[in-house]
1. Would you mind listing how long chain B runs along its three principal axes, going by Cα atoms, in whole Å with the largest first?
2. I need the inter-copy label distances for residue A:7: point set 7 Å along Cα to C-beta, values in nm with one decimal, smallest first.
3. Ratio of the range A:88-146's C-alpha Rg to 2.2 N^0.38 Å, to two decimals?
4. In degrees, nearest 10, range 0 to 90: what is the angle between the Cα axis of helix B:7-18 and the longest Cα principal axis of chain B?
5. Would you mind listing the distances between the residue B:60 label point and the same position in each other copy? Use 7 Å along Cα-to-C-beta, nm, one decimal, shortest first.
6. Counting only C-alpha contacts under 8 Å and six or more residues apart, can you give the relative contact order of the range B:93-138 as a whole percent?
7. Determine the dipole magnitude for chain B: charges of +1 sit on the beta-carbon of Lys and Arg, -1 on that of Asp and Glu, nothing else is charged, the reference point is the Cα centre, and the result goes in debye to the nearest 20.
8. How tilted is helix B:60-72 with respect to the longest principal axis of chain B? Cα atoms for both, answer in degrees (0 to 90, nearest 10).
Number of protein chains: 2
Amino acid sequence: MIQNLTEHQREGLQEALAHGGQKVTAQREVVYSVLLAKRDHPTVDEVFQRARESMPGLSLATVYNCLETFVGCGLVRQVNHERESTRYCPNLAPHAHFRDDSTGRVHDIELPANVLQTLRSILPAGFETDSIEISFHGHTKNKTSRHSN
Amino acid sequence: MIQNLTEHQREGLQEALAHGGQKVTAQREVVYSVLLAKRDHPTVDEVFQRARESMPGLSLATVYNCLETFVGCGLVRQVNHERESTRYCPNLAPHAHFRDDSTGRVHDIELPANVLQTLRSILPAGFETDSIEISFHGHTKNKTSRHSN
DNA sequence: GTTGGTGTTTAGAATGATTCAAAATCTGAC
DNA sequence: GTCAGATTTTGAATCATTCTAAACACCAAC
């Protein structure tokens, strides 16, 4: 189920971690590969369950640690909806999230640069923003919903 | 510190509650007036502290209940940032939130209709949205920051 | 004005996600 | 091989929130 990282992916991990003088460990590899394997915005617990399949001794605290580390070095992004458990997605292009209230599933929504720009423009002078989070709530109508990626 | 509701405000409360066959109680009035008195997006606990000043016997559970009721009838809006405690603001125009990471304070950002429209437009077909949440993170530069309302 | 019924409040226990603490383990440099 | 630092582990602790069950308040019907 959970394949190892490709050479390229390991390098990415390696490099991202290196900045903070942090190391590539077996646990971090497994956790990262879980994230890459199925990009369905898993919770910590889901990551934990999946990671255990290939590394049974792994502890929950370590999963928390790894994910925190990844977020810290910009490899991964946190996704929060209301006060539900935090979910994680491997960072890529800027995107918004759509949370389907009937299924609980989270979908990525591509976020064009100009929309981001428009958003930034509504800030009054004096507000300096580092990040913008956009989340839609609602439900999906499509039968053919191939979108958890 | 905490003044009573104006006639007009009580009517608003009254009407909003009436829909669900719910009643105006002393506790609800106090909690609502706390929200209106200082629109700085207080947490449940902050509301609790403030409300106690005018109603010492009030319990925390009741504050939770009242706020939940208000959210349910659209009188008040929840504001979440990451997994911090939920904050509340009396609902008015559509707006985004700016969370100042150095002070922890939350500011309302007016959200023009056309921006909302633009946002809606980035959703692929099949996504039906009920609500959109936009939150900025960053810090403010203004000395003259008169923005918590 | 008492009786019921319904909605509300209360205190405290329970839950659940997350964080912390401290000991055990690993790693790489010397 | 040894040491220092980073990492992992287990289990306990924290914190916001929800639940539970009992006490209350209000109002309509009698």
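1. Taking max minus min along each principal axis of the Cα atoms, chain B gives 48, 41, 29 Å.
2. 8.1
3. This ratio for the range A:88-146 stands at 1.35.
4. So the inclination is approximately 80 degrees.
5. Reported distances to equivalent positions: 2.2 nm.
6. 50 percent
7. 360 debye
8. 50 degrees
Laboratory data are not the source of any read-out in this text; all were calculated from the coordinates shown. Note that the structure is predicted; figures quoted are calculated from it, not measured. A quick note on method: Cβ atoms are made from the backbone with ideal geometry, for glycine too, and the neighbour counts reach across all protein chains shown.
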